[in-house]
Amino acid sequence: MNPRLNQLYEAQFSEEENRGYIQTSTLILLAFASAYFSRVLDTLGFPSFINFAHFATIPLACWIALTKSRSKDPQQLTTSWMLFAGLFIFLWVMFASALLNDAGIINVIVNFLLFGEPFILALTMTCVPMNPERVSWFRKWVIRFGFCNLIWATAQYILFVQLKMHPKYWNPDYIQGIFYESGAGHVVGSSVALTFGLYYWVSEKNAPLWKRILPLVWGFWQMLVSDSKQVMLFLFMGAGLLIMTKFASIVEAIKWLIGGFLAAYGLLFCAQNIPACSAFNTWARPEIYGPDGEATLLKTASIRIISSHMTTPLHHLFGLGPGHTVGRLGGWMIREYEHLLGPLGVTSHPATFETWQAVMNSWLGDQSSMFSPLWGWAGIWGDTGWLGLASYLFLGYVVWAYLCKDDFCRFTILSVASCGFIFSQMEEPGYTLFITMIIMIRWHEHRAKEQLNI
């Protein structure tokens, strides 16, 4: 622990204030855990509303952090206000969309939290000053949570695949880690596993090489055995987009291009020569792409269907209503949790049903979520229109410009944005909140270094 940095923090905050922020940081971790482990608790027999607990705990932690904040640091204040303004605009666009389309108030609340929760968590952690000891405490818990996901996935592989304990679970899609018994839990679990492996590699630089590489190899194994190949696709897309930001520096661009080429060549070699990686060949069918290819037609079906229901200019600006198109709320949650959301006045729209019909009518519909017309960016645009999409992109810009202090954080943001073109994972709290925790831990670490002029 660096004494000089601790002295800086002690000078800024009294013992009582520090004790209050320690309590708040504990609440933040518990709030994150309520989202990260909700599927596990549901499986263990907790009532199904446990999956919604984080919708209360995350905003509660944010409210406490905001009311207790006494920070005078310009960087913290600017970032906090930018995030708050972005969330405020995004929320009111959703309200306007709901009024225009007679959507239920519960649609607004749930849809806003599905998309806005990661930014609420980022705002919460921005408001809480942390000394290096507390940041290290957060990092240790996040690492433990990351290993929990890998261990659960390994146990599921042994029980379901090797021991074949129940025929229902022989499908590799049930290797889901801690996101067990959720629709695309195998993809979410593998996304968290590989992101955690990469995070451990870049953050634990003083650990022995075998310890640094173990979580990364373990995460790659989880992705293979669970048949979650689309995770590699959006990670490669994120890396490719990051490379494009490096073109201002020739040396950096060349370094990233060489790394990207070697990684892509390695994946191609594995797909062609290693049976365990053969699933990647599912996409290697040129005839399904192109303007009239089945993959292209299915992927863009939601755009055509949603556009057909936009009958006024206001629909283009504000969309068809929160939860009324192909986001996670409209596409899955209203149907799965109708017994909980129905009494609260949740509303739906024919566009969702028509999109699912397009999936069922296509021979590609059940082959890979890569071809699914229910994807994140289409959901934001369909639910809240161009204004909702613009306000969400503004929040992404704030995170990119103010919170992403290194290439790893930028890579994770671009990977999340990339997976938004594949499925609705931008609305999966366990994944997006895990990404947020990593970014905010690194943000606090970089701020500590800046204060020491390192």
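Observations on the structure shown:
- Looking only at residues of region 378-419 that are of a type in the set (D, E, K, R) and within 16 Å of residue 237 (Cα to Cα), we find that the one that is surrounded by the fewest Cβ atoms within 10 Å (Cβ to Cβ) is 407.
- Number of the exception - residue 431 against (1) over 29 Å from residue 289 (Cα atoms); (2) of a type in the set (Ser, Thr, Tyr); (3) surrounded by fewer than 23 Cβ atoms within 10 Å (Cβ to Cβ): (3)
- Some residue of region 95-109 being under 22 Å from residue 399 (Cβ atoms) and either assigned to a helix (DSSP H, G or I) or among the acidic types (Asp, Glu) (or both): no
- Residue within region 148-155 that is in a helix (DSSP H, G or I) and crowded, with 24+ Cβ neighbours inside 10 Å present: yes
- Being more than 23 Å from residue 155 (Cα to Cα), touching a Lys or Arg at 6+ places or on another chain (Cβ under 6 Å) and modelled with pLDDT under 90 is not true of residue 201.
- Out of 247, 220, one residue alone is modelled with pLDDT of 85 or more and open to solvent by 30 Å² or more (accessible area, probe 1.4 Å). It is 220.
- Residue list for region 165-185, restricted to those being modelled with pLDDT of 80 or more and open to solvent by 20 Å² or more (accessible area, probe 1.4 Å): 174, 180
- Hey, residue 386 farther than 30 Å from residue 49 by Cβ, part of a helix (DSSP H, G or I) and either in contact (Cβ under 8 Å) with a residue 12 or more places away in the chain or over 18 Å from the mean Cα position of the chain (by Cα) (or both) or not: yes
- Selected residue (criterion: nearest to the chain's Cα centre (by Cα)) from residues of region 312-338 that are among the hydrophobic types (A, V, I, L, M, F, W, C) and in a helix (DSSP H, G or I): 329
- Pair list, Cβ under 7 Å, 6 or more apart: region 63-92 residue in contact (Cβ under 8 Å) with a residue 24 or more places away in the chain and aliphatic (A, V, I, L, M), other residue open to solvent by less than 50 Å² (accessible area, probe 1.4 Å) and not in a helix (DSSP H, G or I): 65/128
- Residue among 363, 375 that alone is buried (at least 23 other Cβ atoms within 10 Å of the Cβ) and either among the polar types (S, T, N, Q) or more than 13 Å from residue 103 (Cβ to Cβ) (or both): 375
- Any hit, region 339-358, residues being under 27 Å from residue 105 (Cα atoms), open to solvent by less than 40 Å² (accessible area, probe 1.4 Å), in contact (Cβ under 8 Å) with a residue 60 or more places away in the chain and in a helix (DSSP H, G or I): yes
- Only one of 61, 65, 33, 56 that is open to solvent by 50 Å² or more (accessible area, probe 1.4 Å), part of a helix (DSSP H, G or I) and modelled with pLDDT of 85 or more: 56
- With respect to the stated conditions, residue 312 fails to be open to solvent by 10 Å² or more (accessible area, probe 1.4 Å), touching a residue at least 12 places away in the same chain (Cβ under 8 Å), more than 26 Å from residue 185 (Cβ to Cβ) and not aromatic (Phe, Trp, Tyr).
- Scanning region 20-58 for residues that are among the β-branched types (Val, Ile, Thr) and in contact (Cβ under 8 Å) with a residue 60 or more places away in the chain yields a count of 6.
- Enumeration of residues in region 192-208 that are hydrophobic (A, V, I, L, M, F, W, C) and either open to solvent by 50 Å² or more (accessible area, probe 1.4 Å) or in a helix (DSSP H, G or I) (or both): 192, 193, 194, 196, 198, 201, 202
Quick grid of which residues meet (1) free of Cβ contacts under 8 Å to residues at least 12 places away in the same chain; (2) β-branched (Val, Ile, Thr); (3) part of a helix (DSSP H, G or I):
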residue	(1), (2), (3)
398	no, yes, yes
410	no, no, yes
414	no, no, yes
445	no, no, yes
449	yes, no, yes
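The values are calculated or read from the model by the stated rules, or taken from the named source; none is laboratory data. All of these numbers come straight from a predicted model, not from anything done at the bench. Backbone-built Cβ (ideal geometry, glycine too); neighbour counts: all protein chains shown. These accessible areas exclude ligands, DNA and RNA; they are computed on the full protein's heavy atoms, side chains included. Shrake-Rupley method; radii C 1.70, N 1.55, O 1.52, S 1.80 Å.
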